[in-house]
Structures are given as structure tokens and as C-alpha cells.
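Everything on this sheet refers to the single structure shown next.
The values are calculated or read from the model by the stated rules, or taken from the named source; none is laboratory data. Note that this is a predicted model, so its numbers are computed, not measured. Cβ placement follows ideal geometry from the backbone for every residue including glycine, while neighbour counts extend to all protein chains displayed.
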């Protein structure tokens, strides 16, 4: 009996260690990508992603934060784009898919990382969040401000850290990145769409953030405030 109790204690301790590792483990990975610009030139993007937080055993933790650095071709200015942890969604917000430069102005196009991020950033359709480097800082701009010449994604979007690790080349060649992009199933990830379309956002239901969390909405866009208050006051 004592032997059985000892075995049960060891199993319980091992399970707790697994749960602790699954919820608390964090790691940072850096890699480089050769970025093919719309004019045929290339630049090097240095990317870093930090993973951490709760996740299923056997799966990677989500992105807690990430950054992308590059050097402007003419001025030599080193520019950094950062996507920090967001408390309301519990992760970073984006999966950058495009970096390009036109007439000395840099742009980044990103896809939202999950449904909470998609709702937080206004459920864009087409599903892109566009950033423009202006006045020494990144500002979100409408898709209409992205130059028409910029049409082709040029960054690894899906599991970029793991993908770069599998390729084992630094920087990841631009040709290999284009091959990866061509294999994405959704057309909105293979090219930059300019017109709204049905089904943008996939299965992400419309939600609003209120006090303690996210709540589903009615067809008219409102939500059950009384229910939300009860849930938040528990």
C-alpha cells in the first residue's frame, strides 16, 4: 500500500512539473530573412520571437512578443518594429507577412494572431493591419495608403521561428520564402488583396472586450452587459 501511495505521489509530482512547464516555459529565438522588395532589390530582416505562457503539452507556447529589425537602403538608418505582449488578448498581436520600402518610406503588413487580436484591431477586411514608418515611429494606416506597387508578401508568416529553424540557412533565402508563401492555402496570404470579401476573418465571431474579458455580440453588434457584469463580479 505504501509503495502504491509513493507511486501515486511521484505521478502527481511529475504531472505538476509537466503542467508548470506547459504554462510557464518561455524561450526566445532569432533568425534572419532575405526580403525581396517590390523593385527587385533585397534587404535583410532580423527577426526575434519570444514564446511563453499557457499552452497544451506537446505544443509550442504562443508568441509573447516579437521584433523585426532592418536597415534602410539609402540612409542606413536601423529601424525596429516591435509587437509586445497585449494583456487583453494574452499574446502578441500580429504575424508580419510583408516588409517593403517605396521612396524611402517603409511599410509592414501584418495578419492578426488569432480571433481576439482580429477583434481588437477592428476586424479589418481584407484582414491586414498596415504600418507605416513615419517621423521615426510606426503608425497604423489604412490599407489604401499602402502603395499599389506593393502587392507581394515576402516574410515567413506561419510559425516563422520554427520554419527558419527547419531550413537551417541564414538568412533564409528570398527564393525559399517565396516558395513557402506560394504554398499557403488562403489567397489573402499569397498576395495583398485590396477589396473587401465575404469570409474575411474565417470563423472568428464578433466579440467586444468589456471589463474582465471578451464577450460575444448580438447581430446588431450589442452584447449582454448584465451577463458580462455578473461574470466579471464573480
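Within segment 124-158, the set of residues being within 19 Å of residue 47 (Cα to Cα) and in a strand (DSSP E or B) comprises 129, 130, 131, 132, 133, 137, 138.
Inspect all residues belonging to segment 159-182 and state whether any of them is within 30 Å of residue 225 (Cβ to Cβ) and in a loop (DSSP other than H, G, I, E, B). Checked segment 159-182: no residue is within 30 Å of residue 225 (Cβ to Cβ) and in a loop (DSSP other than H, G, I, E, B).
If the condition is being assigned to a helix (DSSP H, G or I), under 16 Å from residue 100 (Cα atoms) and out of contact with any strand residue (DSSP E or B) (no Cβ under 9 Å at 6 or more places or on another chain), then segment 183-199 contributes only 190. When the residues of segment 163-178 are filtered to those that are within 20 Å of the chain's Cα centre (by Cα) and loosely packed, with under 14 Cβ neighbours inside 10 Å, which remaining residue is farthest from residue 47 (Cα to Cα)? The residue in question is 166. Looking only at segment 182-199, residues that are closer than 16 Å to residue 157 by Cβ and touching a residue at least 60 places away in the same chain (Cβ under 8 Å) come to 4 in all. Being surrounded by 13 or more Cβ atoms within 10 Å (Cβ to Cβ) and touching a residue at least 60 places away in the same chain (Cβ under 8 Å) is true of residue 109. Return the residues of segment 204-234 that are without any contact (Cβ under 8 Å) to a residue 60 or more places away in the chain and part of a loop (DSSP other than H, G, I, E, B); say none if nothing qualifies. Passing the criteria: 211, 212, 217, 218, 219, 220, 221, 222, 223, 224, 233, 234. Scanning segment 125-139 for residues that are in contact with a strand residue (DSSP E or B) (Cβ under 8 Å, 6 or more places away or on another chain) and modelled with pLDDT of 95 or more turns up 127, 128, 129, 130, 131, 132, 133, 138, 139. Taking segment 134-161 as the range and being under 17 Å from residue 66 (Cα atoms) and crowded, with 17+ Cβ neighbours inside 10 Å as the test, the residues that pass are 138, 155, 156, 157, 160, 161.
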